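What follows is a set of notes on a single structure, which appears directly below.
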Amino acid sequence: METIIKKIDRNNIDQESIEQAGSILKQGGLVAFPTETVYGLGANALDEEAAKKTYAAKGRPSDNPLIVHIARLEDLKEIVTEIPEIVQDIADHFWPGPLTMIFYKNDKVPLGTTGGLDTVAVRMPDDEIARKLILAGGGYISAPSANTSGRPSPTTAQHVADDLSGKIEMILDGGSVDIGVESTILDLTVNPPMILRPGAITKEMLEEVAGEISVDETLISENSTKAPKAPGMKYRHYAPKADLIIVEGEPDESIKAIKQIAYEQVRLGYKVGIIATNESIDQYTTGMIKSIGSRENEKTVARNLYKVLREFDEEEVSYIYSEAFPEAGIGTAVMNRLGKAAGHHVLQASDITRLQKYRRIVFVSNSDNCRAPIAAVLLRRQPLLQEYQILSRGMIVLFPEPLNPRAEELLKAHDIVLERFETSALDEKILGEDTLVLTMQESQKQKILSEYPDAGDVYTLGEYVGNMQEIASVYGQTEEQYEEMYKLIQENVVKLAERLNKEAKNKCQTYT
Ligand code: TXA
Ligand code: MG
């Protein structure tokens, strides 16, 4: 089947396209369309055969019921047996919008649509294209998310086409959706009403209008042995192809942990994706890094969630590591979807960060123009099991200078070019618990210890690797002496890498 894709201008909706799509629906065909939450796969909800086609196109288990979409509140009473009093207020506040309500169904709704249940889920979407299509298609349009079952829900028409092209009659392309996660599902067949799936309409928002609201316990406790009341919530859903792992903790701690794991996994040869935020993206160094949105505006995180997961699928990464988000407001829905996509694979950032003692290694010489930068560049070339920021600093640097020309020559003789190097003075700001300071000589070490009592671990390079020879300055001396100094640094640096790696070993590979 050739899938027709029609672009629809939201500001000037082409009624002819809507009529065409509506008549496909009336004839029992399938049309994907935008809603404010995610794209839906529309079919006539009152036609059992159309429901079967929906399940087939999505590859969805047929015990997973569909949501019936309506465009007018007065249409609700035609398909349910009873409307609890509170529904009027809830509908006044949240319909049209990202809220689905569950009622007892009447005979008009076939069991094929409700997955054999005697209840029916009903939603009135806010999207203008969706509303026009529902009316053109007969008023009752079942619409699951328009993805292949198990994949992340579609937030653009392209996502729909990627999954369902050739399997459905038509896609209405109304651009990117606004919200990005599926509607909140509220079950009104129980008292108090119960949230079966979190979405943009939060528990707090509902309580303000409807009083007490309960939450399906399977949403709260991962270990619940009960089946979720919304059958669809039991599937490992929304999942990307890669292993997705959520790293929980304070944002700073999580960033460190994810950096640490990504470095390790990339070193082992895996392709790694990182779900970062606008605030953190610059801090990551290894892996394929994508921002999901801004922590200051969590709506953007919801909006981009599925898109980012799909992008990582295209990149064929093996692992995706994601920062976690506070479970408040739309964050509850974001974490619910992320958790399901991850199969609830969650790591505690602090469990990982405590496995790495040093994150920064600073070599210190007198003027940072020869010995220290040579040590730094040589260490950067060692195969290190963990990632370190490797720096060089001088005890006395009054203004930034380039590398000493003799040092530059020396490095060149070893095929090393230090680009854009400038000397810098040691600064208190880079000292601390996670910094290992390695000086060339005892004199620099003593000076640092007396000037910066909180410096953390300070050793001479030789001392740290069990080689008591100091690395003295060769300023103004012969080429041979420069070469000897280089060799000594190289020897020490190789031992340093061995020591760092020995300490890192056995600690890595516990990350996944
Ligand atoms: O935002 C949305 O709700 C989107 C857009 C397209 O409107 N639709 C959507 O549909 O997310 P779907 O099929 O992907 O998810 C429907 C969820 C499933 O978890 C299903 O089990 C649950 O709603 N559901 C449907 N009818 C139900 C019922 N009678 N009782 C309990 N859960 C029900
Ligand atoms: Mg779905």
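The values are calculated or read from the model by the stated rules, or taken from the named source; none is laboratory data. This is a predicted model, so every value here is computed, not measured. Because the Cβ atoms are built from the backbone with ideal geometry, glycine has one as well, and the counts that use them run over all protein chains shown.
Worth pointing out:
- Qualifying residue in region 55-70 (condition: more than 16 Å from residue 232 (Cα to Cα), within 13 Å of ligand 1 (Cβ to nearest atom) and not β-branched (Val, Ile, Thr)): yes
- Search result, residues across region 88-102 that are in a helix (DSSP H, G or I), under 18 Å from residue 198 (Cα atoms) and touching a residue at least 60 places away in the same chain (Cβ under 8 Å): 90, 93, 94
- Test result for residue 155, within 16 Å of ligand 2 (Cβ to nearest atom) and under 21 Å from residue 181 (Cα atoms): yes
- Residue in region 37-44 that is β-branched (Val, Ile, Thr), crowded, with 19+ Cβ neighbours inside 10 Å, closer than 28 Å to residue 305 by Cβ and in contact with a helix residue (DSSP H, G or I) (Cβ under 9 Å, 6 or more places away or on another chain) present: yes
- Residue match in region 53-65 (condition: farther than 17 Å from residue 163 by Cβ and part of a helix (DSSP H, G or I)): no
- Candidate set from region 414-444 (those that are touching a residue at least 24 places away in the same chain (Cβ under 8 Å) and more than 40 Å from the chain's Cα centre (by Cα)); member that is farthest from residue 395 (Cα to Cα): 414
- Residue within region 127-137 that is in a loop (DSSP other than H, G, I, E, B), more than 9 Å from ligand 1 (Cβ to nearest atom), on the phi < 0 side of the Ramachandran plot and more than 30 Å from the chain's Cα centre (by Cα) present: yes
- Any hit, region 216-229, residues being farther than 30 Å from residue 383 by Cα, of a type outside the set (Lys, Arg) and in contact with a His (Cβ under 8 Å, 6 or more places away or on another chain): yes
- Enumeration of residues in region 100-121 that are buried (at least 24 other Cβ atoms within 10 Å of the Cβ) and more than 9 Å from ligand 1 (Cβ to nearest atom): 101, 109
- Filter result (under 13 Å from residue 338 (Cβ atoms) and either more than 13 Å from ligand 2 (Cβ to nearest atom) or modelled with pLDDT of 95 or more (or both)) within region 224-242: 240
Residue-by-condition table, conditions (1) farther than 22 Å from residue 173 by Cα; (2) in contact with a helix residue (DSSP H, G or I) (Cβ under 6 Å, 6 or more places away or on another chain); (3) among the β-branched types (Val, Ile, Thr):
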{"position": "20", "(1), (2), (3)": "no, no, no"}
{"position": "25", "(1), (2), (3)": "no, no, no"}
{"position": "62", "(1), (2), (3)": "yes, yes, no"}
{"position": "93", "(1), (2), (3)": "yes, yes, no"}
{"position": "117", "(1), (2), (3)": "yes, no, no"}
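- Subset of region 199-231 that is of a type outside the set (Gly, Ala, Ser) and touching an Asp or Glu at 6+ places or on another chain (Cβ under 9 Å) - its residue that is surrounded by the fewest Cβ atoms within 10 Å (Cβ to Cβ): 226
- Condition check for residue 77: in a helix (DSSP H, G or I) and more than 38 Å from the chain's Cα centre (by Cα): yes
- Matching option when the condition is more than 37 Å from the chain's Cα centre (by Cα) and among the aliphatic types (A, V, I, L, M), among 25, 46, 41, 117: 46
- Among the criteria (1) buried (at least 19 other Cβ atoms within 10 Å of the Cβ); (2) within 18 Å of residue 197 (Cβ to Cβ), the one residue 55 does not fulfil is (2).
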